[in-house]
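Values quoted throughout were computed directly from the atomic coordinates according to the rules given, and no laboratory measurement underlies them. Everything numeric in this text was worked out from a predicted model, so none of it was measured. So basically every Cβ, Gly included, is an ideal-geometry build from the backbone, and we count neighbours across all protein chains shown.
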Amino acid sequence: MRIDMVIVLRWFLCLMLLAFHTKAQQQQELSAYRLQHFTDENGLPQNSVKAVMEDKNGFYWLATEAGVVRFDGQKFLTFDRSNLPIFSNRIRGFVPALPGPNANPAFEFYALTENNQYIGILNNGLVASDTAFYEKYRTTDPFADKNVRHNSMLGSVPEQYPSDPMAEHYFAVSDSRTFFIWKQKTVSCYKDGKLIYTATGSFKDFFLIGSQPYALDSAGTIIQITNKTTNKVQFPEGDIVHNMLYSRQKSNFKLYWNNVARCAFLYLNKSFYTLEESGNGRLTTKLILKDYDFADLDIVAAHYDRTSGALLLGSSTKGLFLIKSKNFQMLKLASKDADNAYYAQKPAGKHAVITGQGYQLGLNATGSQVVASKVSAFMENFAYKFAIAMNPDSSFWFGIGYNLFKLDKTAKKVLVRLKLQDNAKAFFIDQQHRLWIGSENNSLYQMESSAGQYHTKLVVKAPFGGVSIIGQGAADMLFIGGTKGVFTFNVRTKAVQKLLNFNKMNIRSFYTTADGTWIATYGNGIFLFKNNRLIQFPLDKDRFLATSHCITEDAKGFFWINTNRGLFQVARQQLLDYARNNKNLVYYLYYDRSQGFATNEFNGGCQPCSVRLGDGIVSLPSMDGLVWFSPNQIMAELPGKGIFITSINLERKEIRVTDTLKIPREFEQLRLQVTTPYLGHVKNIQMHYSLSGEGREQKWFPVNADFVIPIPKISYGNYKLTIRKVNGFKTNDYTYKTVRLTIARAWYETWWFRSVLALLILGLFFMAVKWRTGYLVKKERKDNLLRHYRVISQIVAAVNHDIQTPLHYIGYSLRQINAYLHKQDNGNPLITRMSDESLNTSERVGTLTKNLLDYIKIQNKNSSSRTHMGHVEVREMVSGICELFSAIAGFRGITIRNEVEPGFEVWSDPSLLSIVIHNLLDNALKISASEIIISTNIIAGKKQIIIEDSGTGMPGDLMKWLNKSYRSYEEWLKISLYPEQKGIGLVILKDLCVLLRIDIIASINAKNHTTVRLMFDQGKG
């Protein structure tokens, strides 16, 4: 028989394609849980965990062979014989507090030692021995015998030692008023100490779900115990019925029961279920763990936190297991030649994406397996994975540089091949489905098509530099990130605007909402551009957010920000509250690889930077796979519990923990160890503390990584130590803890010492006052003598006041004569001129006399009333003085030029300053040859009045004496008691300058003329 070779070849090709597809299409099982395993190598004191309980504060308590252990989610704290008055460290288990009036409200429940000693769990997160418990128990349990420290309280299941109700009774607490006695074949209910009912049956185990009693009969069937004559058989419903080994005919499950929390679990075929009462009076189950072999792990205790979903399993030999559901899944292509460092991607249906490498990754219908394959050899060979721009029909643009391609939605077929006229670096499709292309040469292009033909159109050239990212803004606005900053581009008006403060920043992505445009940067964190205002948000304490890649918003109002060091969740409202007031808190919840990532290093700088699929899943690229998660299904694990003090260490010795501390004065350091129950990442616990009181302002400091608060040596007094912890995503939501400190006084700070010291100081004060008074009296006498001497000497040297009246009369007569001579038409010019000079001289003598008298008057005044300071208008004052000297100046052929600027003012005493200028001008007239110039200036913050003459220059010794400065007027008075005789006019001049705090500087200029500068501070002038 002849075989057709064509048919053979076709079959061969089909088999090869099938083999290739089978190899390329890979399925990987995904783990649904995150596991933390604790042993004596990482915190536990010993590896036998026989019971696990949770208190109302959120602490987990473990019964071990080495003591009772508290677990706060981060650290283990052991209580044993070293810090408790107990005989043995071996803990049998836990028992509940007693019902009724015998309950001690200080204790929530108890740990029971092998010697039947009771360690009470306190409401402050610590423990204490309760020696009164057993006697109260004996008065509560009607069947308790008189054996010393015999305990009949029902323990958890599985029991450490098998229960034997035929040999002894068991006491089980139901609520604060009710308890049950299991004895032989009966279970009796007591309420407020009175028997309510008794049920009969052959019970292998007795347990409570909440307050409802149940039992297992000899066949392993669950029996609901009631006050009726017949007990009710219960067959569990819910998830367990789907277990392939479950059978109603044969109860082959194993019961786990927590006797303090009164919650039950069932274990069957490596699966673990909660057992709870449903609304219809039935028992239902919920699967919380599968594929865990409890027999291999020696699991003997379990506790399930319904709020956080955490399951704690105690092993008799292998320590503690903490198991949580995994919120994040890693998707990779499991091939040796696969490139699993992902960047750009696009949706490929509801459960898959296509990456820039040409891979398709997704999940199967149940979400339990990764389905990965290579779908585009073209994209893989092109080897550029940073940009994908998807069209509405799921086809997409792909490429870089001068090559641009359009592929169909499967990435298997190239629809368009284009050669670009510029070197393209970024692609983006906006809300109007327009494709924008940014180049490295300051250019932005738009793709256009006609008759199925595509071409690019240059839209704008601007100083973008190399365009690296394009994002959507509001309406017709685009955001463009380039090597030269961030720009906005209005598509309608073609206007380009550069945003300030973004120079030299590496822009990773843009995300626009109704609140503005959010910008992620590589190196500077995240920003919000709103109403032309740029807001930079604070970083996390480790600055991981500095390298932000992408902002992805979920339906619940949270932003997810991936970085080089992990993933952050933050409430958008908190960011907006911070933008409104930067004193508001921003809380970032941190996720790292312990949550299920293969690496903490996410990728960015690609477009798009993240992808949201139709079923709500978010896909983020990382250096080792895609990270998938469903934000709507993640229950944020927030540190919302209280703050507790674990220990207080004073001078390396532990003291009793209390909220009010009395500390001795001579201490060097006080250390408080604090904690909060939290099973999440330790970086999410943000605590600060403040020590206030005794003049100290409230200032917040971060609690260190060891959660130790050190308090250094401080002075005596009452202080308040406030500790606060951020609770989560609500703005300024804190939990506070306050500790009051009283620092005792040292002996030298006591009242009696201070009283003696005050008396001593008072005596010394009186002695000092007496001595000082004597000294001041002597000094005042001396000063008075000096002052009187000066007054007398100056009166003798000056014109006597008694001649002032005759001078006034002479001046009046000369004015009348002068006026008469000027009226004569044929008067003698010589006589008229002589009359003018005589009148001028008379007025000068009168003015000089007045100035001398004014000067003499101030010498008899005290220092506070010698001057009357105010604003002095200099030009007006100088004009009056110049007019006084005009006649004599004219007679001598000297010109007086007043070049003082109009409105120039100084702060001084007008009368005394007039005397100073009068004396200077008078001296200048005596030595000038042709002119005198009076001007003003401001140099180095000081105002100046400058008088320059045209004489032969001032002698050097006189200039040195005049220029000398003094620290105070009193210093000048002492020195001027014995002055070198400089002339009374210059002495008065110098005296007034020192009194008015005027710096006087005399100098010789290049023309050998004398220049005198009066320098004033501008303080009030």
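The alpha-carbon of LYS1007 sits under 22 angstrom from the alpha-carbons of these lysines, leaving out residues fewer than 8 places away in its chain: LYS926, LYS960.
Can you figure out the FRET efficiency of ARG543 with ALA474, using R₀ = 41 Å and their beta-carbon distance, to the nearest 0.05? The calculated FRET efficiency here is 0.85. Annotation: extensible slack from MET767 through GLU905 equals 44.7 nm (criterion: 0.36 nm per residue apart, minus Cα-Cα distance). Identify the residues of the range 442-484 with backbone N under 19 Å of a label point that sits 7 angstrom from the Cα of LYS419 along the Cα-to-Cβ direction, or state none. Counting backbone N atoms under 19 Å from the label point, the list is 448, 453-458.
Based on DSSP H segments of at least four residues, each scored -39500 (n - 2.57), the chain has a per-residue ellipticity at 222 nm of -7000 deg cm²/dmol. Return, ordered by residue number, the residues of the range 412-448 whose backbone nitrogen is under 14 Å from a label point located 7 Å along Cα→Cβ of LYS494. Answer for the range 412-448: 444-446.
In this structure, TRP700 and ARG612 have a Cβ-Cβ separation that, at R0 = 22 Å, corresponds to a calculated FRET efficiency of about 0.05.
Using a simple spin-label model with pseudo-atoms 7 Å out from Cα toward Cβ, ARG745 and LYS254 lie 6.8 nm apart. Net length available on complete extension from GLU448 to SER278 is 54.9 nm, with 0.36 nm assigned per residue and the Cα-Cα distance removed.
Taking 0.36 nm per intervening residue step and subtracting the Cα-Cα distance, what contour gain separates LYS823 from VAL708 on full extension?
So the chain would gain 30.9 nm between LYS823 and VAL708.
Residues of the range 56-98 with an amide N closer than 15 Å to a point placed 7 Å from the Cα of SER129 along the Cα-to-Cβ direction: 67-68, 79-91. Between LEU122 and GLN36, the FRET efficiency from the beta-carbon distance, with R0 = 35 Å, is close to 0.85.
In the chain, the C-alpha radius of gyration followed by the widest Cα-Cα span (Dmax) gives 49.1, 169 angstrom.
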